[in-house]
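The values are calculated or read from the model by the stated rules, or taken from the named source; none is laboratory data. All figures in this text were calculated on a predicted structure; none of them were measured in a lab. In this analysis, Cβ positions are derived from the backbone assuming ideal geometry, glycine residues included, and neighbour counts consider all displayed protein chains.
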Amino acid sequence: MTIIVLLGKILKSLFFKGHTSDRDIETFIKKHGSLTPKRFSYTQVKRMTCSFREKLGEGGFSAVYKGKLPDGTLVAVKDLSASKGNGEEFINEVASISRTPHVNIVTLGGFCFEGHKRALIYEYMSNGSLDRFINDENAMMGRPRLGWTKLYQIAVGTARGLEYLHRGCSTRILHFDKKPQNILLDNYCAKISDFGLSMLCLKRESTVSMLVARGTIGYIAPEIFSKNFGDVSHKSDVYSYGMLLIEMIGGGKRVNADADQSSEMYFADQ
């Protein structure tokens, strides 16, 4: 049985009940420690980040800090301590990308789990995320916009990473949150990150089912938002990738802040 297939079975057993306790997560780590990256204590996490001194970015329930390992290696530490979720995001990231080595997928080097004190340790990307270089407000802050050659390089790299998730792994990995903030740049080599909303799907299963929509407004495929548009599959990631490309070539942000209801918030202007 391959590692990814095994992880898929583990995730299904954990989340079939609709919730995951700290005990479930600890059991997963102890039973399958050989499949996960290095485990750090929260004290070690605080030490490597100098008590979370330098913030690189933040999301709804997490923040990313710059850190340094004892050997001098720079890392990006995603602190999930403020997350109010049921543990699914944490397990998803550990399980999905800890054993998916690819040049266009960010490397997970370690994790921390001490009850609600949770963190993920990634390779450090010196150029940050793609959104820093393609949005007008960032350009006004003095950050350079990327030329067409670099944009093409990033677009191709992202596509190759997505293809690997969908076709290169023994079990298909659906990302469900493709957006500029989740494309990290290492010397402008694109690396897909943030697998907190991902799902594992056997290749023989053409569609997946979900109880609630997942993703970011403006990038979500129509079928995720409403079953009237069809079934959810790996093609939903392709839709999000298309929305990402539109933004990269100058189509503006994919969110209509003035929209007040339903589909206007989720889908691009016609």
Answer yes if at least one residue in region 204-216 is touching a strand residue (DSSP E or B) at 6+ places or on another chain (Cβ under 6 Å), among the small types (Gly, Ala, Ser) and surrounded by 15 or more Cβ atoms within 10 Å (Cβ to Cβ), and no otherwise.
no
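Is it the case that region 244-254 has a residue that's modelled with pLDDT of 80 or more and touching a strand residue (DSSP E or B) at 6+ places or on another chain (Cβ under 8 Å)? I'd like the intermediate steps shown before the answer.
Of region 244-254, the ones modelled with pLDDT of 80 or more are 244-250.
Among the residues that remain, those that are also touching a strand residue (DSSP E or B) at 6+ places or on another chain (Cβ under 8 Å) are: 244.
Yes, region 244-254 contains a residue that is modelled with pLDDT of 80 or more and touching a strand residue (DSSP E or B) at 6+ places or on another chain (Cβ under 8 Å).
Any chance region 132-146 includes a residue that's at pLDDT 90 or above, charged (D, E, K, R), not assigned by TED's automatic domain parsing to the domain that holds Lys55 and not in a loop (DSSP other than H, G, I, E, B)? Can you show your working first?
Going through region 132-146, the residues at pLDDT 90 or above turn out to be none.
No, region 132-146 contains no residue that is at pLDDT 90 or above, charged (D, E, K, R), not assigned by TED's automatic domain parsing to the domain that holds Lys55 and not in a loop (DSSP other than H, G, I, E, B).
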For Glu54, state whether it is surrounded by fewer than 18 Cβ atoms within 10 Å (Cβ to Cβ) and at pLDDT 90 or above.
yes
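Take the residues in region 217-243 that are among the charged types (D, E, K, R) and buried (at least 18 other Cβ atoms within 10 Å of the Cβ), then tell me which one is modelled with the lowest pLDDT. Show your work before the answer.
First, the residues of region 217-243 that are among the charged types (D, E, K, R): 223, 227, 231, 235, 237.
Pick out the ones that are also buried (at least 18 other Cβ atoms within 10 Å of the Cβ) and you get 223, 237.
Numbers: Glu223: 87, Asp237: 94.
Among those residues, the one meeting the criterion is Glu223.
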Which of the residues belonging to region 168-177 are under 10 Å from the mean Cα position of the chain (by Cα) and crowded, with 24+ Cβ neighbours inside 10 Å?
His175, Phe176
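Quick one: in region 181-205, of everything that is among the hydroxyl-bearing types (Ser, Thr, Tyr) and either at pLDDT below 90 or assigned to a strand (DSSP E or B) (or both), which residue is farthest from Leu120 (Cα to Cα)?
Here is the first cut: in region 181-205, the residues among the hydroxyl-bearing types (Ser, Thr, Tyr) are 188, 193, 198.
When the remaining residues are screened for being either at pLDDT below 90 or assigned to a strand (DSSP E or B) (or both), the result is 188, 198.
Values: Tyr188: 23, Ser198: 16 Å.
Applying the filter and picking the extreme gives Tyr188.
A quick yes/no check of all residues on (1) in contact (Cβ under 8 Å) with a residue 60 or more places away in the chain; (2) more than 22 Å from Val156 (Cα to Cα):
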{"site": "Thr171", "(1), (2)": "yes, yes"}
{"site": "Ile183", "(1), (2)": "yes, no"}
{"site": "Tyr188", "(1), (2)": "yes, no"}
{"site": "Lys191", "(1), (2)": "yes, no"}
{"site": "Asp194", "(1), (2)": "yes, no"}
{"site": "Pro222", "(1), (2)": "no, yes"}
{"site": "Asn228", "(1), (2)": "no, yes"}
{"site": "His234", "(1), (2)": "yes, no"}
{"site": "Val238", "(1), (2)": "yes, no"}
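Hey, could you check region 147-180 for residues that are polar (S, T, N, Q) and assigned to a helix (DSSP H, G or I) and say which is nearest to Val238 (Cα to Cα)?
Our first condition is that a residue be polar (S, T, N, Q); within region 147-180, this holds for 149, 153, 158, 170-171.
From what is left, the residues that are assigned to a helix (DSSP H, G or I) are 149, 153, 158.
Details: Thr149: 22, Gln153: 18, Thr158: 11 Å.
Looking at the filtered set, the residue picked out is Thr158.
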How about region 92-123: which of its residues are of a type in the set (Gly, Ala, Ser), buried (at least 23 other Cβ atoms within 10 Å of the Cβ) and out of contact with any Asp or Glu (no Cβ under 8 Å at 6 or more places or on another chain)?
Ala95, Ser96
Condition first: assigned to a helix (DSSP H, G or I), crowded, with 20+ Cβ neighbours inside 10 Å and at pLDDT below 65. Can you find one or more residues in region 35-44 that meet it?
no
